[in-house]
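Here's the structure we're looking at; comments come further down.
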Amino acid sequence: MKKLSGLIALAAIINVSIAQIPQLLNYQAVVRNSNGQPVANGSNINTKFIIHDGSTNGTVVYQETVILISNQFGLVTHAIGSNGGLQSVDWSTGAKYLQVETDVSGGNNFTDMGTTQLLSVPYALYAQTSGNGAGATGATGVQGAQGNTGAIGATGQQGIQGVQGNTGATGLVGNTGVQGAQGNTGAIGATGQQGIQGVQGNTGATGLVGNTGIQGVQGNTGATGATGPQGVQGITGATGTQGAQGNTGAIGATGQQGIQGVQGNIGATGLQGNNGVTGSTGIQGNTGVTGVTGSQGIQGGVGATGATGVQGITGTTGAQGVQGNTGATGFLQNGNVAGNTAFWNGSQWIINSNIYNNGGNIGIGTTSPDSTAILNLSSTVSGVLVPRMTNSQLIAISNPATGLLLYQTDGNIGFYYYNGTNWVGFYTATSTGGSNSSTLIYTINGF
C-alpha cells in the first residue's frame, strides 16, 4: 500500500477483457486513509492514466484523465480507453508501462502513484491483427440448428509419442487481485461433435513475474502495560530490652565559690546511658516546724549534699479559692470561619482575612483549599509573581535546590527551573492565550 500525503493508500489490479477484443483495460483501486480504512462513499478522485512504450520513462503512447467516484467500500473502477484512442497503441513494439497519477481532492494537483509494467494479458490486444496486418474479425454469425449426431468412426492408430519438452522455469507469484463479483451462469450450449484428437502441443513459456506489492502502512504502537502491584512491606524489627537504671551517687560537699575561670571549650557530648529502673516512691514525711530565720552569716563553703530524706505525706488539698476577676480581652479576636489567619495591616490585627490555614492546606482567596494542594491560590484579577532576575544573576545562585523556579528577564526570556543538574527553560504558548494548562507540577523528571 502506497502512502500519499499521509492521507490515502491505493491497491490496484488491472485486467483486460478480450472476449470481443474491446479496446479497454479494466482498472480497479481501493482508496484508504492513513488508518487503513476505506475513504467515504462518493469521494472524488481525479486520476490520470499514462502508458509508456518500452520503459517506465519511455515515449507516451496513450494518456487520459478522468474523475473516479468511490463506492461504500472505497473502491473506484474505470475502463481505460473508454474515452477512445487506445486502439492507436501498437502492442507489437515491446513492453508497455502504466503510470497512474492522482489528486484525492478532485483537483489538478496530481501526485505520482508509480509506474507498473503491463504483463501478458494486455498484449492479447496484439492478437487482433495476429501480427500480419489482417483485418478486424467480423461479427459472430447466428447459431445454426444442431445437426444429428453422426456415427462414431473407428479409432485411429495411436500416434508415436513425441519427445517431451523441457519444463520452463516457474515464474514468481504475482499479487492477488481484488475479488470481482461473480457473473451469472450462462446457458448451457449444445454439445458439438467430437473433434479429432489433436497432437499435444509444447508446454507454453512461463508468464512474466508480477511486480511486488506496495509496502503497507506501519501500525500504531500498542498501549503501555499496567504497573505491577506494590510489594509487601518488610516486618519491623523488635525493640531492644530496656537496661537497668544505675544507682544515684552521693552528692559531694559544695566547696567555696572560686574565681570565675576562663570558659573552656565545650566538650563533645557523651553517649547517653540507658535509663535505669525507677524505684518506688517513699512515704512522705511530716513537714517540720519552720524555725526563726537567723541573721545572714558569711557564706561558707558549700557542704556536701546530704542524702535525700523520705518524702512526707501530701497534705489535704485546701478549699477552692474565690474566682478572680476576668482579665482584659486580648489583642486578637475570634474569627468567623474555621482556619482564619490573622495579619497586621499597619495599625491593627485583621482576623477575617482572605488567608485560610486548616493546619494541612493553605488557601489564599478561598476558604476551601483543595485537599491535594499544600497551597491553593484563587483569584480572577491577580496572578502569581515569582522572583525575576537576569541570566547572570540566575547563574550566580549557589547550590540551587532541585525544583527552584525563576523568571529570566534577558536573553531567552521566560520561566526556568533547576532539575538538579541544569537550569531548564519552558515557555507559554502565546502572549495573549498562555498555556492550555492551569496547573504547574514539578515531578522527579521535571515540569
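The values are calculated or read from the model by the stated rules, or taken from the named source; none is laboratory data. What you are looking at is a predicted structure, and each value in this text was computed from that prediction instead of being measured. Cβ sites come from the backbone with ideal geometry, for glycine too, and all protein chains shown count toward neighbours.
Here are some notes:
- Residue check for Ala401: modelled with pLDDT of 90 or more, outside the structural domain of Tyr356 (by TED's automatic domain parsing) and exposed (fewer than 12 other Cβ atoms within 10 Å of the Cβ): yes
- Restricting region 383-397 to residues that are assigned to a loop (DSSP other than H, G, I, E, B) and more than 35 Å from the chain's Cα centre (by Cα) leaves a set whose member that is nearest to Asn412 (Cα to Cα) is Thr390.
- Residue, farthest from Gln218 (Cα to Cα), within region 31-45, restricted to residues that are assigned to a loop (DSSP other than H, G, I, E, B) and of a type in the set (A, V, I, L, M, F, W, C): Ala40
- Residue among Asn361, Asn354, Asn391 that alone is touching an Asp or Glu at 6+ places or on another chain (Cβ under 8 Å) and farther than 30 Å from Gly425 by Cβ: Asn361
One line per residue, one yes/no per condition, for (1) assigned to a helix (DSSP H, G or I); (2) of a type in the set (S, T, N, Q); (3) touching a residue at least 60 places away in the same chain (Cβ under 8 Å):
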{"residue": "Asn71", "(1), (2), (3)": "no, yes, no"}
{"residue": "Ala79", "(1), (2), (3)": "no, no, no"}
{"residue": "Ser82", "(1), (2), (3)": "no, yes, no"}
{"residue": "Gln87", "(1), (2), (3)": "yes, yes, yes"}
{"residue": "Thr102", "(1), (2), (3)": "no, yes, yes"}
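- Checked against (1) in a loop (DSSP other than H, G, I, E, B); (2) at pLDDT 75 or above, Thr269 passes all but condition (2).
- With respect to (1) within 29 Å of Ala181 (Cα to Cα); (2) free of Cβ contacts under 8 Å to residues at least 12 places away in the same chain, the lone exception for Thr59 is condition (1).
- The residues on offer are Asp370, Asp410, and the sole one that is assigned to a loop (DSSP other than H, G, I, E, B), of a type in the set (D, E, K, R) and in the same structural domain as Phe426 (by TED's automatic domain parsing) is Asp410.
- Of note, Gly420 satisfies the criterion of being at pLDDT 90 or above and out of contact with any Cys (no Cβ under 6 Å at 6 or more places or on another chain).
- Region 289-311, subset under 27 Å from Gly279 (Cα atoms) and polar (S, T, N, Q), residue surrounded by the fewest Cβ atoms within 10 Å (Cβ to Cβ): Thr308
- Some residue of region 171-185 being modelled with pLDDT under 70, in the same structural domain as Thr56 (by TED's automatic domain parsing), closer than 30 Å to Ile45 by Cα and hydroxyl-bearing (Ser, Thr, Tyr): no
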